[in-house]
Structures are given as C-alpha cells and as structure tokens.
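The values are calculated or read from the model by the stated rules, or taken from the named source; none is laboratory data. Keep in mind that this is a model prediction, so the values were computed, not measured. So basically every Cβ, Gly included, is an ideal-geometry build from the backbone, and we count neighbours across all protein chains shown. Calculation scope for accessible area: heavy atoms of the full protein, side chains included, ligands and nucleic acids excluded. Shrake-Rupley method; radii C 1.70, N 1.55, O 1.52, S 1.80 Å.
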Amino acid sequence: MIQGNHIWENALDGIRIDRPMSPVRLGHRAGNRIWDRDEHTQTYGFWVTGAGSCVSCRVEDNDLAGNEAGVRLDTPPIGGRWDRNHCDGE
C-alpha cells in the first residue's frame with residue numbers, strides 16, 4: 001500500500017511501474033500528492049511502462065495535477081479500480 005505521500009520533482013516521473021505488480025494499492029483512504037510544483041520537470045504522475053503491468057491494482061484518490069500528464073499507461077491495467085484521481089483539466 002502506497003498512501004499519504006507527497007512525491008514531487010522526480011525529474012521524469014512521480015511513480016513509474018517497470019515490472020508486473022499485482023495487487024497493489026496506490027492511494028485510497030489517504031491519497032498521494034504526486035506533482036511538479038515549479039519548473040515542470042516531472043512528466044507523469046503515474047506511468048506504467050511497456051515492461052510494467054498492474055493486475056488487480058487499486059489506484060484511487062490521488063492528486064496528479066501539475067504534471068505534464070497525470071497518467072501514462074503504455075500497458076493498460078487489468079481489473080482493479082482506477083477512480084477519483086485528479087489531473088489538470090478535470
């Protein structure tokens with residue numbers, strides 16, 4: 001479970017998944033603030049690469065605003081829940 005964190009200015013990504021993950025909880029009761037607060041150096045708040053995967057993961061109630069893109073999914077999630085994640089423009 002990853003929750004209640006403030007993750008910012010990590011160069012390219014806030015959280016990057018490069019390997020299969022099953023199951024994991026990101027956010028939910030105490031969401032994470034994954035953002036770029038100044039120079040827009042962080043491209044994605046949450047990125048699942050082509051080598052990564054999320055099977056039956058719960059990604060909920062995270063604040064991904066302030067990144068170039070809130071979420072990038074090179075590999076689509078399988079099952080799980082992806083709800084109430086705030087990105088710019090929502």
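Quick one: in segment 1-31, which of the residues that are modelled with pLDDT of 75 or more and assigned to a loop (DSSP other than H, G, I, E, B) is surrounded by the fewest Cβ atoms within 10 Å (Cβ to Cβ)?
Restricting to residues being modelled with pLDDT of 75 or more and assigned to a loop (DSSP other than H, G, I, E, B), the top hit is Arg19.
Output yes when any residue across segment 54-64 is open to solvent by less than 70 Å² (accessible area, probe 1.4 Å), of a type in the set (A, V, I, L, M) and not in a loop (DSSP other than H, G, I, E, B), and no when none is.
Filtering segment 54-64 for residues open to solvent by less than 70 Å² (accessible area, probe 1.4 Å) gives 54-64.
If we keep only those that are of a type in the set (A, V, I, L, M) too, we end up with 55, 59, 64.
So of that shortlist, the ones also not in a loop (DSSP other than H, G, I, E, B) come out as 55, 59.
Yes, because at least one residue in segment 54-64 is open to solvent by less than 70 Å² (accessible area, probe 1.4 Å), of a type in the set (A, V, I, L, M) and not in a loop (DSSP other than H, G, I, E, B).
Could you count how many residues in segment 65-81 are open to solvent by 70 Å² or more (accessible area, probe 1.4 Å) and not charged (D, E, K, R)?
Result for segment 65-81: 3.
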